[in-house]
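A.B. asks: A single structure is presented below for examination.
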Amino acid sequence: MRSFCDLQGLEAGLGRCLGQGGEGAVYAVANRPQAVAKIYARRPDDHASRKLSAMVQLGTEELAAISAWPQNLLHDPRTGDVVGFLMPRLDAHHEIHKLYGPADRKLAFPDAGWGFLTRVARNLASAFDAVHRHGHVIGDVNQGNVVVSRKATVRLIDCDSFQITHLGRMYPCRVGVPLFTAPELQGRKLDGVVRTLEHDRFGLAVLVFQLLFMGRHPFAGRHPQRAIPVETALREGLFAFGREGLRSGVTPPPYSLWLRDVTPAVADLFERAFGREAIAGAPRPAAGDWVTALEALEARLVTCRDDPRHAHAHSNGSCPWCRIENDGGPSFFFLPPGADPQAFDLAAAWKSIEAVESPGDAALPTARSVPASNEGLATAALRALREMLGDVALRSSSRLRRELAREEQEIAGCLGEMGRLEGQWAELCGARRFAAKRRELEDAKALLARLPALENAEWEELASRFRDKSLRPFLQTFPLEFARIPGLGPAELGRLASRGIATAADISPEALMALRGIDLELVRALLLFKGVATRAFRFDPVVGIPGRDSKQLGEMQLRRRAQLVKKLQSGAIELSEVRRQTIAWREVLGRGLQDKRAQLAELQGHAVWTWTGRAGPLPTVPVTSGSAGSSARSVGR
């Protein structure tokens, strides 16, 4: 493990590499968990070393809270040379383009709505404001130098490239990214340029615009007569979404937010930041202006009545995201706030489910006071009495018949009630209901584990449908007259066109072979031409699938996932309730069965005593088992 020393002579041992770039690499520091070390690939020269030393001296708590500001220098203990510096460790942050780009946002910030992006834009402006109030210029503003957390906090990184001034000496920023560089600096060598706050303000406005407008660049527009590259539009001040673009015939890309969809104050700041007046020297909005306007925008946000994923400024009363989707555009938002699928802890939920013990099986209780075998004895005795009395007294005495029938009915009713209770016991007092609920939860757990693969397959199937629909229009932009295929002259082009084959989209083996006498080498060349054009096709499912279709699938998947999560979250409680009910039913039904068996024994014993006294000695009768089961007995003299 390599080790260096800080300004106080304390050791800083490098841990694992956390990231690597052109200038150097960032490492964990073994004995400093809250810090990381940036070690340069090339030893900094004297100018760079003095700049880093100045930044360490200029550091404040406020700068440390909004950036990876250098906190201490690292030296090689053998030579004393500066090799890098220590800075705050930033975990669980993503580069800002992973938030404003819809495809990346679906993975990194799946439940981020427009309100979240507005809050991030406000926090970004606040970070710029802090740097500017300290007298520094960021200079190299770009999408890779800002990181965002799931809590909407913003941090500025690569601070060693900032332009700073210390003790009357200015240390410039020598680099920049064209798409975030102010128009007045386009085409200039930046290593000799003194940056100003105006230049930072342009880059800030671009990042804020991309956050609010789904990654669109403010100068990426369309002109009906000519293609205008973004860099050209930027130099000319052709803000595609504003007044200057409208006057020049430049319009925003399809399925874009409109400038009037934000508040008038925010729209005015964009006009001032990107208009030609700023190129001519008019001041651009300061970072503090953006903080105020974005806070006001956030305060005006409302939730769409038709889709809880949509938030918008309550200005014209309509939802711009629904407008985009209804026009055939994509869905830019994926989950309603708080519906993060990662928030559910399956392992913890399943551990709770496994902790619930099964109630197990339980045998039927027996009567406490009267042996169960007496049931069979009494029933057999009454049957013998009926047989005997039928020949002697029953024919001559209706009273005897009624009394015997009444007692038999009472005994039969008691036996029927016992049978019902025993059926309830079998249904409610064993482990069957508990085992069924446990199997239901196991199935839900297995389906939840398979859900990512299932959902991916569903999205791939949907994307495949729209990919095929998008491919043909793309291939139609490859006319055969520009194919430069040997043997494909005007005559052959005319022949192909007469059969409807004019672009790469029209080429197929069947269509070509239907042409009588076509050269096979030409067929192969045309198929190769289509293959090359097809490989150039790039389909982005996030923006290529219409919002209506992606919303329908996404909502179905969300409902299914929510149902599974809800089932597993409540699984331990439901299992515990099944166990509690099972034990409670055993107590209730057990008492009921004991009471009915005692009642049956009393009824049958009374009948035997009464009718034996009236009828005299009984004949010997074989006795079969009763409802509770008993051995065969004889009733005799």
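The values are calculated or read from the model by the stated rules, or taken from the named source; none is laboratory data. Computed from a prediction, not measured in an experiment: that's the story for all the values here. Reconstructed Cβ throughout: ideal geometry from the backbone, glycine too, with neighbour counts over all protein chains shown.
A.B. asks: Would you say residue 470 is touching a residue at least 40 places away in the same chain (Cβ under 8 Å), under 30 Å from residue 331 (Cα atoms) and small (Gly, Ala, Ser)? If you could, list the steps in order and put the result at the bottom.
C.D. replies: Values: touching a residue at least 40 places away in the same chain (Cβ under 8 Å): yes; under 30 Å from residue 331 (Cα atoms): yes; small (Gly, Ala, Ser): yes.
Yes: the conditions hold for residue 470.
A.B. asks: Scan segment 512-526 residue by residue and report those that are outside any loop (DSSP other than H, G, I, E, B) and surrounded by 15 or more Cβ atoms within 10 Å (Cβ to Cβ).
C.D. replies: 512, 522, 523, 525, 526
A.B. asks: Name every residue in segment 294-317 that is in contact with a strand residue (DSSP E or B) (Cβ under 8 Å, 6 or more places away or on another chain) and part of a loop (DSSP other than H, G, I, E, B), in order of residue number.
C.D. replies: Hits for segment 294-317 are 300, 304, 310, 314.
A.B. asks: For segment 457-473, name all the residues that are more than 12 Å from residue 539 (Cα to Cα) and among the aromatic types (Phe, Trp, Tyr).
C.D. replies: 459 - this is the single residue of segment 457-473 that is more than 12 Å from residue 539 (Cα to Cα) and among the aromatic types (Phe, Trp, Tyr).
A.B. asks: Turning to a different aspect of this structure: Looking at segment 185-197 only, could you name the residues that are in a helix (DSSP H, G or I) and either closer than 18 Å to residue 293 by Cβ or out of contact with any Gly (no Cβ under 9 Å at 6 or more places or on another chain) (or both)?
C.D. replies: Matches in segment 185-197: 191, 192, 197.
For (1) modelled with pLDDT of 95 or more; (2) more than 20 Å from residue 85 (Cβ to Cβ); (3) surrounded by fewer than 23 Cβ atoms within 10 Å (Cβ to Cβ); (4) over 26 Å from the mean Cα position of the chain (by Cα), each residue gets a yes or a no:
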| position | (1), (2), (3), (4) |
| --- | --- |
| 134 | yes, no, yes, yes |
| 139 | yes, no, no, yes |
| 144 | no, no, yes, no |
| 149 | yes, yes, yes, no |
| 152 | yes, yes, yes, no |
| 156 | yes, no, yes, yes |
| 162 | yes, no, no, yes |
| 168 | no, yes, yes, yes |
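A.B. asks: Working only within segment 210-254, note down all residues that are in contact with a Pro (Cβ under 7 Å, 6 or more places away or on another chain) and more than 17 Å from residue 101 (Cβ to Cβ).
C.D. replies: 221, 222, 231, 234, 235, 237, 239, 240, 241, 249
A.B. asks: Filter segment 530-564 down to the residues that are under 21 Å from residue 447 (Cα atoms), over 14 Å from the mean Cα position of the chain (by Cα) and in contact (Cβ under 8 Å) with a residue 40 or more places away in the chain and list them by number.
C.D. replies: Once the filter is applied, which keeps residues that are under 21 Å from residue 447 (Cα atoms), over 14 Å from the mean Cα position of the chain (by Cα) and in contact (Cβ under 8 Å) with a residue 40 or more places away in the chain, segment 530-564 yields only 564.
A.B. asks: Which residues, counting only those in segment 123-132, are under 26 Å from the mean Cα position of the chain (by Cα) and of a type in the set (A, V, I, L, M, F, W, C)?
C.D. replies: 124, the sole residue that qualifies.
A.B. asks: Which residue is farthest from residue 554 (Cα to Cα), if the candidates are limited to segment 90-122 and must be touching an Asp or Glu at 6+ places or on another chain (Cβ under 8 Å) and touching a residue at least 60 places away in the same chain (Cβ under 8 Å)?
C.D. replies: Looking at residues that are touching an Asp or Glu at 6+ places or on another chain (Cβ under 8 Å) and touching a residue at least 60 places away in the same chain (Cβ under 8 Å), I get 122.
A.B. asks: Same structure again: Among (1) part of a strand (DSSP E or B); (2) closer than 30 Å to residue 540 by Cβ, which single condition is residue 110 missing?
C.D. replies: Result: residue 110 fails condition (1) only.
A.B. asks: For segment 178-211, which residues satisfy the criterion of being within 32 Å of the chain's Cα centre (by Cα) and surrounded by fewer than 22 Cβ atoms within 10 Å (Cβ to Cβ)?
C.D. replies: Once the filter is applied, which keeps residues that are within 32 Å of the chain's Cα centre (by Cα) and surrounded by fewer than 22 Cβ atoms within 10 Å (Cβ to Cβ), segment 178-211 yields only 179.
A.B. asks: Which ranges mark the helices (runs of 4 or more DSSP H) fully within segment 232-292 that have 3 or more residues being crowded, with 19+ Cβ neighbours inside 10 Å?
C.D. replies: It comes to 264-274.
A.B. asks: Hey, another quick one. How many residues, within segment 154-180, are in contact (Cβ under 8 Å) with a residue 40 or more places away in the chain and either of a type in the set (Ser, Thr, Tyr) or part of a loop (DSSP other than H, G, I, E, B) (or both)?
C.D. replies: 5
A.B. asks: Okay, next question. Could you say which residue among 303, 251 is in contact with a His (Cβ under 9 Å, 6 or more places away or on another chain) and without any contact (Cβ under 8 Å) to a residue 24 or more places away in the chain?
C.D. replies: Checking each option against the conditions leaves just 303.
A.B. asks: List, please: which pairs have Cβ atoms under 9 Å, are six or more places apart or on different chains, and start with a residue in segment 56-76 that is in contact (Cβ under 8 Å) with a residue 24 or more places away in the chain and end with one that is assigned to a helix (DSSP H, G or I) and surrounded by fewer than 16 Cβ atoms within 10 Å (Cβ to Cβ)?
C.D. replies: Close Cβ pairs (under 9 Å, with a partner that is assigned to a helix (DSSP H, G or I) and surrounded by fewer than 16 Cβ atoms within 10 Å (Cβ to Cβ)) amount to 62/133; 71/64.
A.B. asks: Within segment 8-64, track down each residue that is part of a loop (DSSP other than H, G, I, E, B), touching a strand residue (DSSP E or B) at 6+ places or on another chain (Cβ under 6 Å) and hydrophobic (A, V, I, L, M, F, W, C).
C.D. replies: 30, 41, listed by residue number.
A.B. asks: For residues in segment 31-48 being among the aliphatic types (A, V, I, L, M) and within 39 Å of the chain's Cα centre (by Cα), which is surrounded by the most Cβ atoms within 10 Å (Cβ to Cβ)?
C.D. replies: 37
A.B. asks: Kindly indicate which of 495, 484, 465 is of a type outside the set (Gly, Ala, Ser), outside any helix (DSSP H, G or I) and either outside the structural domain of residue 107 (by TED's automatic domain parsing) or buried (at least 16 other Cβ atoms within 10 Å of the Cβ) (or both).
C.D. replies: Answer to the check: 484.
A.B. asks: Let me ask another. Just the residues that are modelled with pLDDT of 90 or more and β-branched (Val, Ile, Thr), please, taken from segment 507-522.
C.D. replies: Residue satisfying the conditions is 507 alone.
A.B. asks: What's the number of the only condition in (1) in contact with a strand residue (DSSP E or B) (Cβ under 8 Å, 6 or more places away or on another chain); (2) modelled with pLDDT of 95 or more; (3) buried (at least 23 other Cβ atoms within 10 Å of the Cβ) that residue 109 fails to meet?
C.D. replies: Result: residue 109 passes all but (2).
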